[in-house]
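Chemist: Quick one: the structure is below, questions incoming.
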Amino acid sequence: MKKFLFMPLLAVIAVLFSFTPANQWELYTSAEGHFSITFPGKPEESVQDDRTEDNVIFKIHLATVAPSDDEVYMTGWIDMRSFYPKDKAIKQMLEDSRDGATASMRATKVTTLATDLGDKPYIEFTFETEEFTGKDRIYVINKFQYSIITIFSLKKGILPSADKFISSFKPA
């Protein structure tokens, strides 16, 4: 069940090696994903197929900007309407998403910063691996999962731009 609740590690690694020149912050809107967010440059879009543990095929939609080899800004979304768990509380879904994402990255340190179970439920956390650090906020809204993730080199650490990026997310 946890598998579909996180962005695959391969996607994160792939974007670490696809760099975009630094540009001004620009608004990105996904009509299909029902959200907008501001990126530090024009994001590159991709879609990957994946499967739940019950073999339901779904798509992971990603938009990514890597202004340098020290920082990555990525948002991903999944339409979970065809396999949304009926027997799980939203808090458990958010925690499972956090745990799945950090396990896939082999995080050695994870700190939950906030959990909000209001109208737009989310969990926000920082993580650190042997190679990078970052900050992520995962939402589950109207049976869509959104991950707003920033990744930085250990030498740079988490930059203030992480909060600017994460807080710019606006569900439609």
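The values are calculated or read from the model by the stated rules, or taken from the named source; none is laboratory data. Predicted model only: the values in this text are computed from it and were never measured. Every residue, glycine among them, receives a Cβ derived from its backbone with ideal geometry; neighbour counts consider all protein chains shown.
Chemist: Quick check, is LYS135 at pLDDT 95 or above, under 22 Å from PRO43 (Cα atoms) and in contact with a Leu (Cβ under 9 Å, 6 or more places away or on another chain)?
Modeler: Against the criterion (at pLDDT 95 or above, under 22 Å from PRO43 (Cα atoms) and in contact with a Leu (Cβ under 9 Å, 6 or more places away or on another chain)), LYS135 qualifies.
Chemist: Search region 23-35 for residues that are at negative phi and in contact (Cβ under 8 Å) with a residue 60 or more places away in the chain and pair each with any residue that is surrounded by 12 or more Cβ atoms within 10 Å (Cβ to Cβ) and of a type in the set (Phe, Trp, Tyr) when their beta-carbon atoms are under 6 Å apart and the residues are at least 6 apart or on different chains.
Modeler: GLY33/TRP77
Chemist: Any residue in region 121-143 that is more than 16 Å from LYS91 (Cβ to Cβ) sitting within a Cβ distance under 6 Å of a residue that is of a type in the set (A, V, I, L, M) and in a strand (DSSP E or B)? List the pairs, counting only those 6 or more apart or interchain.
Modeler: Close Cβ pairs (under 6 Å, with a partner that is of a type in the set (A, V, I, L, M) and in a strand (DSSP E or B)) amount to PHE127/VAL110; PHE132/ILE151; GLY134/ILE151; ASP136/ILE149.
Chemist: Residues being in contact with a strand residue (DSSP E or B) (Cβ under 7 Å, 6 or more places away or on another chain) and acidic (Asp, Glu): count how many of those fall in region 79-101.
Modeler: Total meeting the criteria: 2.
Chemist: Still on this structure: Tell me, which residue of region 151-167 that is in contact (Cβ under 8 Å) with a residue 24 or more places away in the chain and part of a helix (DSSP H, G or I) is nearest to the chain's Cα centre (by Cα)?
Modeler: Here the residue is ILE166.
Chemist: Look through region 1-31, keep the residues that are assigned to a loop (DSSP other than H, G, I, E, B) and under 25 Å from LYS143 (Cβ atoms), and return whichever of them is modelled with the highest pLDDT.
Modeler: ALA31
Chemist: Please verify whether LYS164 is surrounded by fewer than 17 Cβ atoms within 10 Å (Cβ to Cβ) and either of a type in the set (Phe, Trp, Tyr) or in contact with a strand residue (DSSP E or B) (Cβ under 8 Å, 6 or more places away or on another chain) (or both), treating the condition exactly as stated.
Modeler: yes
Chemist: When residues of region 160-172 are filtered for being closer than 16 Å to SER68 by Cα and touching a Ser or Thr at 6+ places or on another chain (Cβ under 8 Å), how many remain?
Modeler: 3
Chemist: Any idea which of (1) at pLDDT below 95; (2) within 23 Å of ALA162 (Cα to Cα); (3) surrounded by 12 or more Cβ atoms within 10 Å (Cβ to Cβ) is the one ARG51 doesn't satisfy?
Modeler: (2)
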